[in-house]
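Only one structure is covered here, and it is reproduced in the block below.
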């Protein structure tokens with residue numbers, strides 16, 4: 001971290017090990033979709049709309065909607081684990 | 001923001017995921033994906049703001065993005 | 001220390017994306033070793049990871065940022081203590097960094113160590129001229145920018161930010177204070193070195209050179225605690241009220257205790273639904289989400305600014321004069337934190 005000009009450069013490296021995308025299924029027919037609602041305004045309506053559309057148009061069998069405690073905090077590991085047991089794909093809303 | 005974090009947590013558990021954000025948080029979302037090791041992860045970007053949209057308007061806007069969301073979570 | 005002629009050390013740091021726009025004290029190994037003498041802790045000890053970028057803050061890296069900010073070694077314990085508190089879950093640093101809101105973590109430091117290092121709580125305490133105030137708060141901000149990535153346009157969507165994002169660290173007024181300190185009111189002893197930290201906006205000022213008794217005075221202060229556009233009215237939110245010593249003495253001379261004033265402000269500060277509906281952030285769904293029961297469909301329902309008495313951080317600070325400073329809070333699920341710090 002000490003540069004060759006004689007002082008320390010504490011600039012954060014940001015070097016993070018790359019996480020691979022999860023393998024995607026060919027389609028959603030017969031699948032269960034997990035929808036994570038962060039409780040921010042419009043989030044519930046957005047996810048309900050998506051859930052209905054996925055069932056009607058893409059053959060999704062089941063939709064599981066869960067809510068977080070607060071929009072600006074990450075979901076607990078327990079909540080993500082619970083959803084991951086039931087769903088094969090997931091959508092989170094609304095960031096921001 | 002935290003929905004990005006949650007999306008990554010799903011991916012780490014082998015669950016393909018995407019996140020719906022609004023335009024104002026695009027840079028923050030890109031930064032968060034990158035800083036947490038998933039640079040370039042897809043997302044759905046809605047125009048900002050959405051908080052004052054009436055329910056029918058919100059539904060109509062959402063429906064425009066369903067196909068894109070499906071493409072992001074399927075092969 | 002020899003610096004290569006081609007590198008201007010000030011420009012080197014001013015061009016960093018995480019620069020706060022002001023020059024830093026160039027961190028050299030010699031200066032870092034001097035700074036580390038301000039703590040007994042192991043330089044490799046991990047304080048925590050700063051969200052959202054989650055870069056690690058060790059005692060060494062905290063000391064480096066403290067030195068860049070212009071801290072003296074004796075300030076380092078406050079910087080270490082402050083960051084430790086801010087990384088607690090309930091403070092929600094991740095949300096704090098990304099929010100559109102213009103809030104900053106204001107540190108209020110009580111105890112003998114704050115006095116020894118010259119942390120100022122008297123006249124001018126929110127402004128320049130006090131090295132401890134200026135540099136301790138700045139050290140925290142430099143870490144939030146560099147280690148956390150809370151940079152506007154990067155991870156931070158802040159609309160305006162706030163001048164408090166340059167620095168936000170004060171003590172209470174120790175010379176003219178009719179009551180116990182904030183820390184003592186929370187159950188600490190007067191000998192404890194304590195930091196309280198709340199996410200708040202810049203102070204707005206309530207001038208009142210007319211009131212000679214508390215009722216009218218506190219009415220006016222309470223009025224400054226509410227606004228249609230203030231998140232305090234639309235969510236559970238912390239607030240800092242820094243009563244100037246002159247205003248505090250009006251209450252104390254009327255035999256009001258600190259707790260009495262605190263309670264009265266909590267009662268007075270609020271608006272009826274009919275007044276809140278006409279502008280600002282009012283939505284009935286937000287009111288339904290309060291941790292207290294209100295009826296958003298009743299125009300006469302009183303919506304308090306302070307939803308939980310713990311959320312009002314009442315202090316005595318500032319110089320002598322007819323003024324109290326009020327800092328509104330954030331809505332994003334951050335709760336004020338407090339704790340002792342090790343010297």
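The values are calculated or read from the model by the stated rules, or taken from the named source; none is laboratory data. Just so we're clear, the structure is a prediction, and the values are computed from it rather than from any experiment. Positions of Cβ are generated from backbone atoms using ideal geometry, with glycine treated the same way; all protein chains shown enter the neighbour counts.
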Open item on the list: Kindly evaluate residue B:29 against the criterion of being under 23 Å from residue A:39 (Cβ atoms), part of a helix (DSSP H, G or I) and in contact with a helix residue (DSSP H, G or I) (Cβ under 6 Å, 6 or more places away or on another chain).
Closed with: yes
Task: Of all residues making up segment B:1-39, the number that are closer than 18 Å to residue C:150 by Cβ and more than 7 Å from every other protein chain (Cβ to nearest Cβ) - done: 4
Open item on the list: Looking only at residues that are at the interface with another protein chain (Cβ under 7 Å from one of its Cβ atoms) and crowded, with 18+ Cβ neighbours inside 10 Å in segment A:17-33, which one is nearest to residue B:13 (Cα to Cα)?
Closed with: A:22
- [ ] Would you check which residues across segment A:67-87 are more than 7 Å from every other protein chain (Cβ to nearest Cβ) and either out of contact with any helix residue (DSSP H, G or I) (no Cβ under 9 Å at 6 or more places or on another chain) or surrounded by fewer than 21 Cβ atoms within 10 Å (Cβ to Cβ) (or both) and list them?
- [x] A:67, A:69, A:76, A:77, A:78, A:79, A:81, A:82, A:85, A:86
Task: Extreme residue, surrounded by the most Cβ atoms within 10 Å (Cβ to Cβ), among residues of segment A:34-43 that are more than 8 Å from chain B (Cβ to nearest Cβ) and in a loop (DSSP other than H, G, I, E, B) - done: A:40
Open item on the list: Show me the strands (runs of 3 or more DSSP E) found entirely inside segment C:283-343 where at least 1 residues are at pLDDT 95 or above and within 27 Å of residue C:124 (Cβ to Cβ).
Closed with: C:312-316, C:323-327, C:337-340
TODO: Please tell me if residue A:48 is under 16 Å from residue B:59 (Cβ atoms), surrounded by fewer than 19 Cβ atoms within 10 Å (Cβ to Cβ), within 14 Å of chain C (Cβ to nearest Cβ) and touching a helix residue (DSSP H, G or I) at 6+ places or on another chain (Cβ under 9 Å).
DONE: no
TODO: Write out, first by first residue and then by second, each pair whose Cβ atoms fall under 9 Å of each other, whose residues are 6+ apart or on separate chains, and whose first residue, in segment C:172-190, is assigned to a loop (DSSP other than H, G, I, E, B) while the second is modelled with pLDDT under 95 and surrounded by fewer than 22 Cβ atoms within 10 Å (Cβ to Cβ).
DONE: C:181/C:174
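Under 30 Å from residue A:69 (Cα atoms) and crowded, with 17+ Cβ neighbours inside 10 Å, is that true of residue C:248?
Answer is no for this residue.
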Task: helices (runs of 4 or more DSSP H) wholly inside segment C:1-114 that include at least 2 residues being more than 14 Å from chain A (Cβ to nearest Cβ) - done: C:76-86
